[in-house]
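*Asks:* So that we are looking at the same thing, I have put the structure below in structure tokens.
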Amino acid sequence: MKFQTIIAAGLCALLLGTTGAHAKSPAELNDLEIAHVAYTADNIDIRYAHLALAISSNPKIHAFAKTMIRDHNAVNTQALALLKKLNAQPQDNFLSRQLTEGSIELVEEMSRLRGAAFDKRYAANELAYHQAVNNLVETAFIPNIENAEVKALFEAGLKIFRTHERHAEMMVDSLK
């Protein structure tokens, strides 16, 4: 449990922290910057899921990873369709760059693990990641999104990702 707390605290600090004088807080991002963060976060979780499929032999891990790939791809497809409809492009920002940098280190770390050690690390990361991202979406993004269609997409996505969070919590508990 202490391990999960450390992961959650670290990810929350990453997601909610800022870097340098020019950085904004997550609550100050515009709709297109928020869209880029969400797209980035989805792609990162898809990458973690592909890693789990490649390394783990646990059927529960495989089932969860396949769900992550399916659901995050589906949300990204909807988001890209909406951006096309709005004739808009997502905007890179400090937070999407921080997420990407952090994920590279984590993939390298998890790539060195095998067996139960990998499964526990993957499950703990998925729980912490979903907790942190869901909190960010709920408290900083949704209240500040200006476009009603974008906001509706985030609200629908949050429902899906809260289910992922509960599933990850059960997975962590089963691997103890």
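The values are calculated or read from the model by the stated rules, or taken from the named source; none is laboratory data. If you're wondering where the values come from, they're calculated on a predicted model, not measured in any experiment. Counting neighbours? That spans all protein chains shown, and the Cβs are built from the backbone with ideal geometry, glycine included. Note: accessible area is taken over every heavy atom of the protein model, side chains too, but ligands, DNA and RNA are not part of it. Shrake-Rupley method; radii C 1.70, N 1.55, O 1.52, S 1.80 Å.
*Asks:* Has region 71-90 got at least one residue that is on the phi > 0 side of the Ramachandran plot and outside any helix (DSSP H, G or I)? Steps first, answer last, please.
*Replies:* Taking region 71-90 first, the residues on the phi > 0 side of the Ramachandran plot are 87.
After this cut, where a residue has to be outside any helix (DSSP H, G or I) as well, the list is 87.
Yes: one or more hits.
*Asks:* Among the residues of region 21-38, is any modelled with pLDDT of 90 or more, at negative phi and among the polar types (S, T, N, Q)?
*Replies:* There is at least one residue in region 21-38 that is modelled with pLDDT of 90 or more, at negative phi and among the polar types (S, T, N, Q).
Rundown of residues vs (1) free of Cβ contacts under 8 Å to residues at least 24 places away in the same chain; (2) open to solvent by 20 Å² or more (accessible area, probe 1.4 Å), yes/no style:
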| site | (1), (2) |
| --- | --- |
| A27 | no, yes |
| L32 | no, yes |
| V37 | no, no |
| H50 | yes, yes |
| I55 | no, yes |
| I61 | no, no |
| K66 | yes, yes |
| Q78 | no, yes |
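*Asks:* Given the condition at pLDDT 95 or above, closer than 16 Å to I46 by Cα and aliphatic (A, V, I, L, M), answer yes or no: does some residue in region 140-156 qualify?
*Replies:* Checked against the condition, which is being at pLDDT 95 or above, closer than 16 Å to I46 by Cα and aliphatic (A, V, I, L, M), region 140-156 yields no hits at all.
*Asks:* For region 152-171, state whether one or more residues are open to solvent by 20 Å² or more (accessible area, probe 1.4 Å) and not in a helix (DSSP H, G or I).
*Replies:* No.
*Asks:* Sticking with this structure for a sec: Which of the residues spanning region 94-113 are assigned to a helix (DSSP H, G or I), open to solvent by less than 60 Å² (accessible area, probe 1.4 Å) and of a type outside the set (S, T, N, Q)?
*Replies:* Of everything in region 94-113, those that are assigned to a helix (DSSP H, G or I), open to solvent by less than 60 Å² (accessible area, probe 1.4 Å) and of a type outside the set (S, T, N, Q) turn out to be F94, L95, L99, G102, L106, V107, M110.
*Asks:* Inspect all residues belonging to region 114-136 and state whether any of them is open to solvent by less than 60 Å² (accessible area, probe 1.4 Å) and outside any helix (DSSP H, G or I).
*Replies:* For region 114-136, residues open to solvent by less than 60 Å² (accessible area, probe 1.4 Å) and outside any helix (DSSP H, G or I): absent.
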